[in-house]
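Since every read-out is calculated from the coordinates, none of them should be taken as a lab result. In this text the structure is predicted, and so the values were computed from the model without any measurement. A quick note on method: Cβ atoms are made from the backbone with ideal geometry, for glycine too, and the neighbour counts reach across all protein chains shown.
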Amino acid sequence: MEAVKTSDNKLFVPSLPTLWPGMLLSNARPGALPPFSSPSARYFYFARNAVWLTMKMLRLDGGEVLMPSYHHGVEVEAVVDAGATPRFYRVGARWDVDLADVAKRIGPKTKALYLIHYAGFPGPVDAMRKLADEHGIPLIEDCALSLLSSDGATPLGTTGDVGIFCLYKTLPVPNGGALVVNGPRQYSLPEPPAPPLASTFSHTVSALLQNLELRGGAVGRGLRGLVRSVGHGTVKAASIQRVATGTQHFDRRHVDLGMSPLTKRIALAQDLEAIVEARRRNYFFLLGRLRDVSPPLFNQLPPGVCPLFYPMVVQDKEALLARLRDRGIDAIDFWKRFHPACDPSEFPEVAQLRRTILEIPCHQDLSPEVMAEVAEAVRDALKAERRPSQRTG
């Protein structure tokens, strides 16, 4: 696939992978990575539903769950809604968990440890497992941002008592989260009902239209705009309730929603190993082209890591976002806010991360030619950011 430009010389680089029409007809492949490789997996509309159910399943309501101060917020909301109390531990400037701080904060009310693997990069899961075992409490691995990622040869989500995954951040599916129970203890988990067909259809069409724009340039953009305008009118006229993904808050009304059969069909048809390889290739490309203009958060990509995006450290997120989106690149302001239960003044390194990290897409839809265009656009945006200071200096 070649770099796609619109008639006004813009790229179109979506933040998430798009759905190719042929994927709707592809045959299922054997699932070699979790959650697809696990017979205990249960699938949900959202990963946050799995977080809520984990609190209930492990009987953590009424106790404290020790969570990272660097969090999205929606997982904390799910913990609170399920009846548990979040307490927070320190995370450093390189997404590094302060294990001494974790150990210090474990108290008599602590009923579980909660570890987030950020953007595919493994957290200290073995050390957290050891801490959990020493205190006789479960370890929950949040792999919502780390589907298909491994710590060397060990797939993420298989060391904790529970692994939680989000599918639609990494795969071109309309919805989907998963819960995997590890170890000998078995739980009787009901299979949640499928979501409304109309909502799944709406998300699927949106992903197909993004693929059309990605492949079709100006023509694709025009067709996508036309179909979307017609579609919005149809949805409104038919009073279709679309359960949005990627939202910022937990909604109890959706906690019982399962994953659609279409999502599972598309997910099982993916070449997972090829996806990991493409994402690693694109990440390495950005690392090589951007490290001289923006010091990388990580200087290397450890074996087994399937990067969700390229985390870029910037000083003026709003300005960079505007410039990149003007160039057609859907960069994302990564985890800007603390959950209200977490005191920002207690975690200055995390506050700095929230001010400075942008998501740059590096997903499997993007060819080396597109990545070259993305890297050039990022470099141009950074140069534009520095010009005013150079003039005043």
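Of all residues in segment 306-339, those that are surrounded by fewer than 18 Cβ atoms within 10 Å (Cβ to Cβ) and more than 21 Å from the chain's Cα centre (by Cα) total 5.
Residues are listed down the side, and each one gets a yes or a no for (1) acidic (Asp, Glu); (2) assigned to a strand (DSSP E or B); (3) farther than 28 Å from Ser38 by Cα; (4) in contact (Cβ under 8 Å) with a residue 60 or more places away in the chain:
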| position | (1), (2), (3), (4) |
| --- | --- |
| Phe285 | no, no, yes, yes |
| Gly288 | no, no, yes, no |
| Ser294 | no, no, yes, yes |
| Pro303 | no, no, no, yes |
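Among the criteria (1) in contact (Cβ under 8 Å) with a residue 60 or more places away in the chain; (2) more than 19 Å from the chain's Cα centre (by Cα), the one Lys109 does not fulfil is (1).
On inspection, Asp81 qualifies as closer than 20 Å to Arg337 by Cβ, surrounded by fewer than 23 Cβ atoms within 10 Å (Cβ to Cβ) and over 20 Å from the mean Cα position of the chain (by Cα).
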